[in-house]
Every structure is written in C-alpha cells, then in structure tokens.
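First up is the structure itself, then whatever we jot down about it.
The values are calculated or read from the model by the stated rules, or taken from the named source; none is laboratory data. Computed from a predicted model, the values in this text were never measured in an experiment. Quick reminder, even Gly has a Cβ in these numbers, built from the backbone with ideal geometry, and neighbours come from all protein chains shown. Keep in mind that these areas ignore ligands, DNA and RNA; they rest on the heavy atoms of the full protein, side chains included. Shrake-Rupley method; radii C 1.70, N 1.55, O 1.52, S 1.80 Å.
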Amino acid sequence: MKLNDFDLAVTKLINGISGQNLYLDTAMIWISAAGIPLLVLAVACQWWTKPDRQGTRHALVQAGFAFFLGLGFNQIILIFVDRIRPYAAGISDLLIAPSSDPSFPSDHSTAAFAIAVTFAVSNMPKRALWFGIAALTVAISRVYVGTHYAIDVLGGALTGAFAAVLLQSLY
C-alpha cells in the first residue's frame, strides 16, 4: 500500500464517522475550533504554579516559542507544498467553514504538538501526557470535520515536535 493510499484510507475512515451522531459532530467541531485557544489558556494558567515555579515558567515560555516557530516552519513548507483540501477534492465531508489556504501541514496540529512536546522535552511527563492527549484529539478533530487529510495532521505534529526539540537544544 502506497503512502497516498494509506493517507486516503485513514482520512476516509476518520471523516466517514462524521454526520452520524449529532453529539459527536458537535464535540469535534467545538474541539476543532476551541482546542488551540484552550491549550494556550491551559499553558498560560500554569504561570502561577507553586512547585518548581522557575522551571515551569521556562517551559511555558519555551512552549510559546515552539508554537510560533512551528507555525513559521509551516509557512516555509507552504512555499513548496500546495495541497488541496480533502473536501475540495471530494474526499471528505466538511462540517465547518471552508479554508482558503493549502491543506499541508495542519497549523492546529503544529501548535498543539509544539506545546505537548515542549513539556515532554522539559521533563514534565504528566503535563506532556495531558497535553499530548489534547494534541492528538485536536489533530483527529481536524480530519473528522473534513478540513485535513491524516498526513496533514501528522506533518503538523512533526513540525511542532521539531520546533520544540530544536528550541530545547538551543534553550
């Protein structure tokens, strides 16, 4: 099976569930829209954490930088990759408003995984686990609502992770 076939199969599998359950559709639309602002809020609220305040604050600042660095990497990738959105190609059913920018990589996935991986490389395993689950949920929601292919969210996860690891090595 070629990568493109796998990508289409996973995309259709996840998006194929949409439209069958109003509650799940509503939850996934909400996660897709509000997931990143909620992750940013969750990061910001940790500023006042008592244990290891200085270490936590360094990780929070690093997460913010990784977030923006990952999105910057995406802008460079977009110069070279202009992938049509799956709904525009007739691959997925769209549950949200259409987007005019290219599909690869997913900015939502990049941002979410930049945060999660920052906590992982900052030796904060509990936070990394919870932010990782949230990042995975945001990524899946983007495929579910029909705006991304599976490879788009994987690519976003990789650019976010790369930004976090790069900053950790420089920080």
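Listed here are the residues, each with its yes/no results for (1) of a type outside the set (A, V, I, L, M); (2) in contact with a Pro (Cβ under 6 Å, 6 or more places away or on another chain); (3) within 23 Å of T26 (Cβ to Cβ).
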{"position": "G64", "(1), (2), (3)": "yes, no, no"}
{"position": "G72", "(1), (2), (3)": "yes, no, no"}
{"position": "V81", "(1), (2), (3)": "no, no, no"}
{"position": "L94", "(1), (2), (3)": "no, no, yes"}
{"position": "V145", "(1), (2), (3)": "no, no, yes"}
Which pairs turn up if I take residues in region 131-154 that are over 17 Å from A63 (Cβ atoms) and look for partners that are open to solvent by 10 Å² or more (accessible area, probe 1.4 Å) and among the acidic types (D, E) with beta carbon separation below 6 Å, at least 6 apart in sequence or on another chain? G146/D93
Extreme residue, nearest to the chain's Cα centre (by Cα), among residues of region 47-78 that are over 14 Å from F113 (Cα atoms) and of a type in the set (S, T, N, Q): Q75
Residue hits (region 22-35; open to solvent by less than 70 Å² (accessible area, probe 1.4 Å), of a type outside the set (A, V, I, L, M) and farther than 11 Å from R142 by Cα) are D25
For residues that are assigned to a helix (DSSP H, G or I) and farther than 14 Å from A157 by Cα, tally how many sit in region 81-119. 1
Being crowded, with 19+ Cβ neighbours inside 10 Å, touching a Phe, Trp or Tyr at 6+ places or on another chain (Cβ under 6 Å), more than 19 Å from A135 (Cβ to Cβ) and of a type outside the set (D, E): is that true of S18 here? yes
Please go through region 88-97 and give me each residue that is open to solvent by 60 Å² or more (accessible area, probe 1.4 Å) and within 25 Å of A9 (Cβ to Cβ), ordered by number. A88, G90, D93
Which of the residues spanning region 40-87 are small (G, A, S) and loosely packed, with under 14 Cβ neighbours inside 10 Å? A44, G55, G72
Residue under question is L3, and the condition is that it be closer than 18 Å to A139 by Cα and open to solvent by 50 Å² or more (accessible area, probe 1.4 Å); does it hold? no
Residues of region 10-25 classified as closer than 15 Å to T147 by Cα, in a helix (DSSP H, G or I) and not basic (K, R), total: 6
Tally the residues that are surrounded by fewer than 23 Cβ atoms within 10 Å (Cβ to Cβ) and either more than 19 Å from A88 (Cα to Cα) or under 11 Å from the mean Cα position of the chain (by Cα) (or both), restricting the search to region 128-159. 12
